[in-house]
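Q: Okay, here's the structure, questions in a sec.
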Amino acid sequence: QLQLVESGGGLVQPGGSLRLSCVGSASTLDRYAIGWFRQVPGKEREGVSCISASGRSTSYAEPVKGRFTISRDDAKNTVYLQMSSLKPEDTAVYYCAGRQYCSGVARDMDFWGKGTLVTVSA
């Protein structure tokens, strides 16, 4: 089964940027759409962005449109989430997840990483 590992989280000031990486099992990642989700304590996990298996289709949640960019490099078995103009409300644990097709619903996803913490604070 697909295994996913996130990295790139950390502390950043409002207005700053971070790039998250999601590394999947070799020779398997290109079979899956990969989504990014985020979760804060006391709230449900919400979809942030998703990229199709082919890389030709992407989607974004309204709060991050124009600020975040998802991409993939299947040769490196990696999906990226470039986050710019970060806001305090972006603070969350960010997870990547895989399934056959994109979905913004956490429970639709089949495979999950363990998450990486992004903290946006002055």
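The values are calculated or read from the model by the stated rules, or taken from the named source; none is laboratory data. Values in this document were obtained by computation on a predicted structure and should not be read as measured data. Ideal geometry is used to build each Cβ from the backbone, glycine not excepted, and the neighbour counts take in all protein chains shown. Protein only, heavy atoms only, side chains kept; ligands, DNA and RNA dropped before computing areas. Shrake-Rupley method; radii C 1.70, N 1.55, O 1.52, S 1.80 Å.
Q: So what does T58 come to for accessible area, using a 1.4 Å probe and Å² rounded to 10?
A: 70 Å²
Q: Hey, rough spin-label estimate for D108 and A122, points 7 angstrom out along Cα→Cβ, what's it come to in nanometres?
A: 3.8 nm
Q: Here's something else I'd like to know. Would you kindly derive the ³J(HN,Hα) couplings of the stretch 73-78 from the backbone phi angles with the Karplus curve 6.51 cos²θ - 1.76 cosθ + 1.60 (θ = phi - 60°), listing them in order in whole Hz, with x for Gly and Pro?
A: Rounded to whole hertz, the list is 10, 5, 5, 9, 6, 9.
Q: How big is the convex hull of the Cα atoms of the chain, per residue, in Å³? All intermediate terms of the calculation are to be shown ahead of the outcome.
A: On the way: hull volume 10.8 nm³, N = 122.
Given the Cα convex hull of the chain, per-residue volume reads 88 Å³.
Q: Taking 0.36 nm per residue of separation and subtracting the Cα-Cα distance, what length does fully extending S57 through E44 add? Mind showing how you got there, number by number?
A: On the way: separation 13, 0.36 × 13 = 4.68 nm, distance 2.53 nm.
Using 0.36 nm per residue and subtracting the Cα-Cα distance, I get 2.2 nm.
Q: Still on this structure: Which percent, to the nearest 5, of DSSP beta bridges fully inside the chain are antiparallel?
A: Working: 36 of 39 bridges.
Antiparallel bridges make up about 90 percent of those DSSP assigns within the chain.
Q: What distance in nm separates the simple spin-label points at Q13 and R67, each placed 7 Å from Cα in the Cβ direction?
A: 1.7 nm
Q: Moving on. I want to check the label-to-label distance for S84 and S27. Put each point 7 Å from Cα in the C-beta direction and report it in nm to one decimal.
A: Going from the S84 label point to the S27 one covers 3.7 nm.
Q: Another one. Which one, A33, S84, I51, projects farthest toward the positive side of the charge dipole computed for the stretch 1-85 from Cβ point charges (K/R +1, D/E -1)?
A: About the Cα centre, the residue reaching furthest to the positive side is S84.
Q: Please enumerate, by chain and number, the lysines with C-alpha under 29 Å from the C-alpha of K87, excluding those fewer than 8 residues away in the same chain.
A: Reachable lysines: K43, K65, K114.
Q: Averaged per residue, what accessible surface does the chain expose to a 1.4 Å probe, in Å²?
A: Values: 6510 Å² over 122 residues.
Result: 53 Å² per residue.
Q: Percent of accessible area on the chain owned by carbon and sulfur, 1.4 Å probe? Can you show the working numbers first?
A: Working: 3010 of 6510 Å².
So the carbon and sulfur contribution to the accessible surface is 46 percent.
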